[in-house]
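The values are calculated or read from the model by the stated rules, or taken from the named source; none is laboratory data. No experiment lies behind these values; they were computed from the predicted model shown. A quick note on method: Cβ atoms are made from the backbone with ideal geometry, for glycine too, and the neighbour counts reach across all protein chains shown. Ligands, DNA and RNA are excluded from the accessible area calculation, which covers all protein heavy atoms including side chains. Shrake-Rupley method; radii C 1.70, N 1.55, O 1.52, S 1.80 Å.
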Amino acid sequence: MKKGLKDILFFGIIFTIIDQVVKIVLSSKIIVNQTYVVIKDFFSITLVHNKGAAFSILTGSKILLILIGIVALVGLIIYIKKLEVIDDIDIFTYSLLMGGIVGNLIDRIVYGYVIDYLSFKFGSYYFPIFNFADICIVVSVIIMLLRMIKEDLWR
């Protein structure tokens with residue numbers, strides 16, 4: 001196994017563990033739909049069970065969402081194996097992505113839903129509640145997009 005892939009797997013597991021530990025702790029301390037205000041009118045912890053994907057799309061499509069997660073994970077591993085050069089930013093980015101995919105995939109397989117808990121309010125707008133795994137996925141995609149834009153600008 002290539003060194004880069006080993007590092008990605010290692011750190012991906014670390015991000016997955018962080019995600020799962022937070023979800024287990026919060027699930028043991030908070031009941032579903034209970035809210036703890038952290039910063040008034042801005043940030044709270046609200047435990048919800050999301051049976052869909054982002055923004056609750058595909059609600060009730062558990063098997064499809066599990067298959068999408070597995071395909072995404074396998075596709076990511078195949079892509080990483082084909083990379084000739086893997087730098088530290090790649091390792092961080094793909095570890096985040098892998099950890100996020102696996103974290104939410106575990107929830108779907110074990111519980112049938114994803115445990116979400118981070119709730120933000122901007123004025124009268126409530127952003128959809130999300131979790132650490134979602135942050136990992138979004139941050140990894142942003143990094144990949146920024147790197148692609150940077151590469152295009154250097155050409």
Between Asp152 and Ile14, how high is the FRET efficiency from 1/(1 + (r/R0)^6) when r is the Cβ-Cβ distance and R₀ = 25 Å? Nearest 0.05. 0.20
Given 0.36 nm per residue, what is the gain on full extension from Tyr36 to Val74 after removing their alpha carbon distance, in nm? 10.0 nm
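Counting only protein heavy atoms and using a 1.4 Å probe, what share of the accessible area of segment 24-102 belongs to carbon plus sulfur, as a whole percent?
Details: 3400 of 4960 Å².
Ligands and nucleic acids excluded, carbon and sulfur reach 69 percent.
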Of the peptides 76-86, 9-19, 130-140, how do they stack up when ordered by the mean number of other Cβ atoms within 10 Å, highest first? 130-140, 9-19, 76-86
How big is the charge dipole of segment 59-155 about its Cα centre, in debye rounded to the nearest 20, if each Lys and Arg gets +1 on its Cβ and each Asp and Glu gets -1 on its Cβ? 240 debye
Scaled by the rule-of-thumb 2.2 N^0.38 Å, the alpha carbon Rg for the chain gives a ratio of 1.13
To the nearest Å², the heavy-atom accessible area per residue of the chain with 1.4 Å probe amounts to 62 Å²
Here is the link list: Lys3/Lys81; Lys23/Lys81; Lys121/Lys150; Lys40/Lys121; Lys6/Lys51. Which ones come out longer than 21 Å on Cα distance? Lys23/Lys81; Lys121/Lys150; Lys6/Lys51
In whole Å and largest first, what semi-axes does the C-alpha gyration tensor of segment 29-109 yield when each eigenvalue is scaled by 5 and square-rooted? 31, 19, 9
Grab the DSSP H runs of the chain that are 4 residues or longer, score each as -39,500 (n - 2.57), total them, divide by all residues and round the 222 nm result to the nearest 500 deg cm²/dmol. -21500 deg cm²/dmol
Does segment 93-133 classify as rounded, prolate or oblate by the C-alpha gyration tensor (a ≥ b ≥ c root eigenvalues; a/c under 1.5 gives rounded; else a/b over b/c gives prolate, otherwise oblate)? oblate
Proximal charge balance of Val110 [Cβ under 12 Å; K/R count +1, D/E count -1]: +2
Among 21-33, 115-127, the order from most to least packed when residues are scored by Cβ within 10 Å on average: 115-127, 21-33
Under the 7 Å Cα-to-Cβ spin-label approximation, Thr59 and Met144 lie apart by a distance in nanometres of 2.8 nm
